[in-house]
Every structure is written in C-alpha cells, then in structure tokens.
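The values are calculated or read from the model by the stated rules, or taken from the named source; none is laboratory data. What you see is a predicted model, and the numbers here were worked out from it, not measured in a lab. Cβ placement follows ideal geometry from the backbone for every residue including glycine, while neighbour counts extend to all protein chains displayed.
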C-alpha cells in the first residue's frame with residue numbers, strides 16, 4: 001500500500017487560493033482515477049478536483065468552507081501497489097507543524113487571543129494569525145486598505161501595517177486618522193422586511209452572494225455616469241444573413257452579432273486607451289493588453305464574465321471562435337478560474353433579453369462597460385443626393401457606463417461614438 005497526497009491544483013496565474021464548497025467523497029470511499037473528489041470555488045468560478053490515482057480516501061485535511069492555497073495537500077488517498085511519486089504527509093507536514101506550533105506558543109505568551117468573528121470583512125486564516133501574533137486589533141485590521149482581489153487584505157498589506165505601526169510608535173496619529181476615516185463611512189442598515197405565512201424564503205446561493213457584493217461595492221467605488229447612442233446596423237444584419245451559413249460550414253462555428261460588436265469595441269479601445277485602464281487608489285494603471293470581458297448568463301440565472309484575452313489581435317473568425325467557446329463553456333459550467341481573470345473592459349448584451357438599452361454596473365477594477373441593446377426594425381430618415389426619405393432600417397442602442405472619477409464625458413462619449421462609427425461603416429461586401 002502507498003499513500004498519495006491530493007493537492008489543490010494550479011488554476012491559472014492569477015488564482016492563488018480556493019474555498020472547498022463540497023466533498024463528493026467521504027473517508028473510506030473508493031475513488032477511481034480522474035473521478036471528482038471535491039468541489040471548490042474561487043471568487044468567480046466553481047470547479048471540481050479529480051483524483052490523479054485510484055484508491056481509497058483515508059483522510060481529509062480540510063473541511064467544507066475552508067480556504068486552501070494552491071499546492072496545499074487537501075486529502076490522502078491510499079493506493080495499491082508500489083510507492084507513488086509524492087512525499088509522505090508526515091515528511092511535508094512535520095516542519096510546518098513545528099513552525100506553526102512555535103509561533104502559536106510565542107503568540108500565547110505575548111498576545112491575548114483576538115476574536116475576528118464579529119467583523120463583516122473577510123480575512124484569510126494567514127492574515128488572522130499574523131494579526132493575533134502582532135496584537136493587531138479588529139478595528140485596526142478593518143482599517144487596513146487591502147491590495148488584494150476586491151480590496152482583500154493580503155499578507156503583504158498586514159506586514160506593511162505592522163512595520164509602519166512599529167516605526168510610528170511616537171506618532172500614532174496617521175493610524176488613528178485612517179481608522180477614524182473608515183468609521184466615518186455611512187453605514188448601510190438593512191431595511192426590515194415583513195414576511196407572512198404565504199411567502200417563501202430562499203437563501204441566496206454562493207454565486208449570487210458574491211455578485212451582490214460585487215455590485216454594491218462597484219456602485220460605492222465608482223461614480224457611474226452613462227452615455228447613449230443609436231446605431232444603424234443595417235449593413236451588419238444584411239452581411240450576416242448573407243454569409244452565416246457559409247461561415248458555419250467552413251469554420252464549424254455559428255456567426256452571431258456578438259463577435260462583430262466585440263471587434264468594433266476592441267478597435268475603439270486601441271483608439272482610446274484612456275478607457276482601457278484601472279484605478280488603484282490615487283493611481284491610474286494603463287493596461288498594455290486589451291482583454292474583453294463578455295458577460296454571460298448561467299443556466300441558474302446568475303452571471304459570469306469570461307474574458308477574451310488580447311481581443312485586438314483577433315480577426316473576426318478568431319473572435320467568433322473565442323466568443324462561442326467561452327459562451328458554451330459558461331453554460332456547461334466548464335470555465336476555468338483563469339478564464340474570468342484579467343479583463344480590462346466589459347461588454348454585456350442586454351438585447352438578448354429584449355431590452356432596448358440599459359445602465360450596466362462597472363466590473364471593478366475596470367472603468368467602463370458597454371451594453372448592447374436589441375436590434376430592431378425602425379422607420380428612419382435616409383439622406384441621399386436626391387433628398388431625404390423614410391425607410392426601414394435595423395437599429396440598436398449602445399449604453400456606455402463609465403467611471404466619472406477618471407473618465408470625463410468627452411472621453412466616455414467619444415469612445416462609444418467611435419464604436420458606433422465602426423459598426424455603421426461595416427462593409428457589406430467584406431470577406432471573412
């Protein structure tokens with residue numbers, strides 16, 4: 001018999017940890033090779049962790065809702081036959097346990113146990129341990145401005161705070177001011193909701209809770225303002241109707257309007273790089289790559305935003321393949337964590353649900369999001385050398401939400417106008 005360590009696999013360059021949401025196997029259960037053992041969730045995507053070997057699950061090192069770092073051992077599987085190329089748990093764990101025990105003893109001698117359960121903010125176990133060791137109170141911990149995902153306090157953030165506090169023992173006012181400033185933020189109190197006997201109470205699922213938090217945080221972070229423009233896409237509709245069958249036969253992909261719109265957005269972002277930025281405190285970060293987020297609806301009604309990397313480098317065929325691939329994998333729940341990371345600008349198609357236009361919320365830390373309205377046949381004035389006349393045209397609205405902290409109306413309006421110009425100038429005789 002041999003023991004195999006099942007580790008949390010690497011899930012993309014920007015993903016360092018995941019939360020265990022459900023164990024699919026219990027201790028004593030038989031596991032086949034490539035069979036899913038547990039389900040995990042990052043801040044965007046849920047996925048499964050399969051076993052690399054066949055055997056019996058003999059130990060679970062983490063429980064449900066525990067946060068696990070990439071590369072950490074999460075379970076022990078006993079296999080038949082010779083040794084498995086994985087270090088024994090005791091060999092890996094012994095020095096770690098010894099080091100942790102040493103730190104715990106030091107903390108017990110110097111710091112009274114701190115209770116962070118009363119905080120509404122999320123702190124990783126590592127950050128909590130450092131806070132306890134360094135005597136950082138819950139108020140001080142909540143006052144730290146996190147540099148991690150969604151403002152999460154990282155190991156580096158708390159270590160910098162501790163170092164800063166030590167160097168300013170004689171002048172603690174900045175820390176006090178920072179904590180006071182945080183406390184001056186208006187508190188959002190829940191409005192009481194009356195419930196009668198006929199009402200059904202349903203708890204939000206994990207994804208909906210995350211989306212809820214993201215939306216509220218975005219509105220509180222960015223000064224949202226919108227610009228709207230109507231676009232004549234008659235040439236695009238004609239061209240797609242003409243080539244869609246041949247396109248699918250040759251490329252093996254369906255041709256929707258989305259890749260055509262995404263191509264225009266990518267071109268406009270190259271023309272207006274001021275829209276392809278992020279904000280970090282008082283600093284503006286100009287993004288080198290144009291990575292387009294594509295809001296997609298999941299079967300359970302939730303939303304997810306997979307990202308088309310380097311969208312400006314794709315031709316229309318490449319864009320169509322990327323759009324279809326991400327859309328299909330989103331519906332099937334097969335997206336990888338890295339598929340939703342690194343977006344620099346987002347597009348959402350509200351026209352899919354029949355909406356003429358909308359006012360979408362910015363996907364932080366981006367500064368803009370474009371909503372595509374439904375394409376409709378409408379009567380319009382057509383200008384010709386012989387005079388104006390009324391005709392039937394295919395039109396749609398573009399709704400551009402942008403962060404007024406760093407994007408003024410001139411830039412926000414000019415950008416969406418450039419997208420419209422590219423769409424209206426579409427060549428009906430274009431080769432794909």
Note on residue 378: of the conditions (1) under 26 Å from residue 220 (Cα atoms); (2) at pLDDT 95 or above; (3) surrounded by fewer than 19 Cβ atoms within 10 Å (Cβ to Cβ), unmet is (1)
Of 406, 347, 416, the only residue that is on the phi < 0 side of the Ramachandran plot, part of a loop (DSSP other than H, G, I, E, B) and in contact (Cβ under 8 Å) with a residue 24 or more places away in the chain is 406
Residues of region 157-213 being more than 26 Å from the chain's Cα centre (by Cα), part of a loop (DSSP other than H, G, I, E, B) and either over 27 Å from residue 140 (Cβ atoms) or modelled with pLDDT of 80 or more (or both), in sequence order, are 191, 192, 193, 194, 195, 196, 197, 198, 199, 200, 201
Reported set for region 38-54 where residues are surrounded by fewer than 18 Cβ atoms within 10 Å (Cβ to Cβ), farther than 16 Å from residue 80 by Cβ and modelled with pLDDT of 85 or more is 39, 50
Practice item. For region 276-288, indicate whether the set of residues that are more than 22 Å from the chain's Cα centre (by Cα) and surrounded by fewer than 18 Cβ atoms within 10 Å (Cβ to Cβ) is non-empty. Key: yes
Of the listed residues (327, 318), the one being within 14 Å of residue 253 (Cβ to Cβ) and either in contact with a strand residue (DSSP E or B) (Cβ under 6 Å, 6 or more places away or on another chain) or in contact (Cβ under 8 Å) with a residue 24 or more places away in the chain (or both) is 327
Going by the conditions given, is residue 407 in contact with a strand residue (DSSP E or B) (Cβ under 6 Å, 6 or more places away or on another chain) and in the same structural domain as residue 258 (by TED's automatic domain parsing)? no
| query | Would a scan of region 223-236 turn up a residue that is closer than 15 Å to residue 346 by Cα and touching a strand residue (DSSP E or B) at 6+ places or on another chain (Cβ under 6 Å)? | reply | yes
Quiz item: When you look at residue 369, is it touching a helix residue (DSSP H, G or I) at 6+ places or on another chain (Cβ under 6 Å) and assigned by TED's automatic domain parsing to the domain that holds residue 267, yes or no?
Solution: no
Over region 24-37, the set of residues modelled with pLDDT under 90 and in a strand (DSSP E or B) is 36
For region 55-93, the count of residues that are under 32 Å from the mean Cα position of the chain (by Cα), modelled with pLDDT under 85 and over 17 Å from residue 126 (Cβ atoms) equals 0
